[in-house]
1. So which residues in region 217-226 are assigned to a helix (DSSP H, G or I) and either of a type outside the set (A, V, I, L, M, F, W, C) or at pLDDT 95 or above (or both), if there are any at all?
2. Could you give me the residue pairs with C-beta distances under 6 Å whose first residue belongs to region 152-175 and is more than 23 Å from residue 252 (Cβ to Cβ), whose second residue is surrounded by fewer than 17 Cβ atoms within 10 Å (Cβ to Cβ) and not polar (S, T, N, Q) wherever it lies, and which are 6+ apart or on separate chains?
3. Which of the residues belonging to region 207-216 are assigned to a helix (DSSP H, G or I) and either buried (at least 22 other Cβ atoms within 10 Å of the Cβ) or touching a residue at least 12 places away in the same chain (Cβ under 8 Å) (or both)?
4. Take the residues in region 305-357 that are in a helix (DSSP H, G or I), under 19 Å from the mean Cα position of the chain (by Cα) and not assigned by TED's automatic domain parsing to the domain that holds residue 203, then tell me which one is surrounded by the fewest Cβ atoms within 10 Å (Cβ to Cβ).
5. Say we look at region 224-255 and pick out the residues that are in contact (Cβ under 8 Å) with a residue 40 or more places away in the chain, of a type in the set (Gly, Ala, Ser) and out of contact with any Pro (no Cβ under 6 Å at 6 or more places or on another chain); which of these is surrounded by the most Cβ atoms within 10 Å (Cβ to Cβ)?
6. For residue 83, indicate whether it is farther than 21 Å from residue 315 by Cα, modelled with pLDDT of 90 or more and in a strand (DSSP E or B).
7. Anything in region 43-90 that is among the β-branched types (Val, Ile, Thr) and closer than 30 Å to residue 185 by Cβ? List them, or say none.
8. Filter region 247-275 down to the residues that are farther than 18 Å from residue 235 by Cα, in contact with an Asp or Glu (Cβ under 7 Å, 6 or more places away or on another chain) and assigned to a strand (DSSP E or B) and list them by number.
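The values are calculated or read from the model by the stated rules, or taken from the named source; none is laboratory data. All values derive from a computational prediction rather than experimental measurement. Don't worry about glycine lacking a Cβ; one is built from the backbone with ideal geometry, like all the others, and counts go over all protein chains shown.
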Amino acid sequence: MRSVRVCVPLVALALAATACSTIGESSGSEEPEDGATPTEVVLVTHESFVLPKKLVKQFEEESGFDLEVRAAGDAGVLTNKLVLTQDNPLGDVAFGVDNTFASRALAEGVFAPYDATLPEGAEQYLLPGDGEDGEARALTPVDNASVCVNVDDTWFAEQDLAAPTSLDDLVDPAYEGLFVTPGAATSSPGMAFLLATIGAYGEDGWQDYWSELMDNDTLLTDGWSDAYQVDFTQGGGKGDRPIVLSYDSSPAFTIADDGTSTTSALLDTCFRQVEYAGVLEGAANPAGAEALVDFLLSPDVQAALPESMYVFPVDASVELPAEWAEFAEQPTEPITVDPEAIAEGRDDWLRDWSDITSR
């Protein structure tokens, strides 16, 4: 039995709320008249970008530039827009292209080289192939979060049923009709989950896995918000599915009155997403763009990421909020797929996935 819900697409990246952004009508930052120094820096980002107002003010005071934020869809839509407008860039700097789309942006020459000074521990998140052989990097890692299967521990305890622990378990008849996930064609975390299954079962085995997954009455939604907030039993609605695709940070947001989390992330099912910032090639204000990239790596911004955008900082020295430190456990060995393989195979994989899930 196969379940598919068609709903209004929602952009969600790690339990994020839609950012309040100033979206300009022009295609890029305005060129200063008569060679004057630019007075603003234009950030092009996804719709889940949130930076506290006090930090925006801090950047403007420290840099001398006004910050304008232009939202451009989720990570995939953002990347497509950056590629299509590279000859007339939408702004000066972009944030939010992740490791599932970054190789395409690099291949198309969207970003200019800029070797930002990385904080402690951030080197592990560098995009493979970027800045190798002594060349300057084009992309700077800013945050990370892992897409993982989550379970409602309370529901399974009440049903006296052992919760699943692996991807293999999701096709077990014992869990028929219990899993909901956003689709790969309409959702960034959904795409990450598809990649997790490709990494786990190989390019010749993931199709059979998805066929079994759909035969086990898996429910597909357009976006994370509908899957988690509506269908998941620990979400905001009256859902009836105790297994959901979400994030490694999600258990930090389901704290019961006794101080324990009611959910768990299955750390053997995770695919890590890393978000990058980069100076756009042809930017009207490259100096301002570089200053903003540096600012996104600053201790103040890195410390604000968990509570403002619900993602982990790349700076290993940042102290996480208490709930995160206790309940938002990260996978030590997330499932990986080579970025170049993603760039080469993405379209074919999505076509195959669509064929399988629509049968």
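1. Passing the criteria: 225, 226.
2. 171/212
3. 207, 209, 210, 211, 212, 213, 214, 215
4. That would be 307.
5. That would be 246.
6. No; evaluated as a whole, the condition is false for this residue.
7. 44, 45, 50, 69, 77, 79, 83, 85
8. Residues satisfying the conditions are 273, 274, 275.
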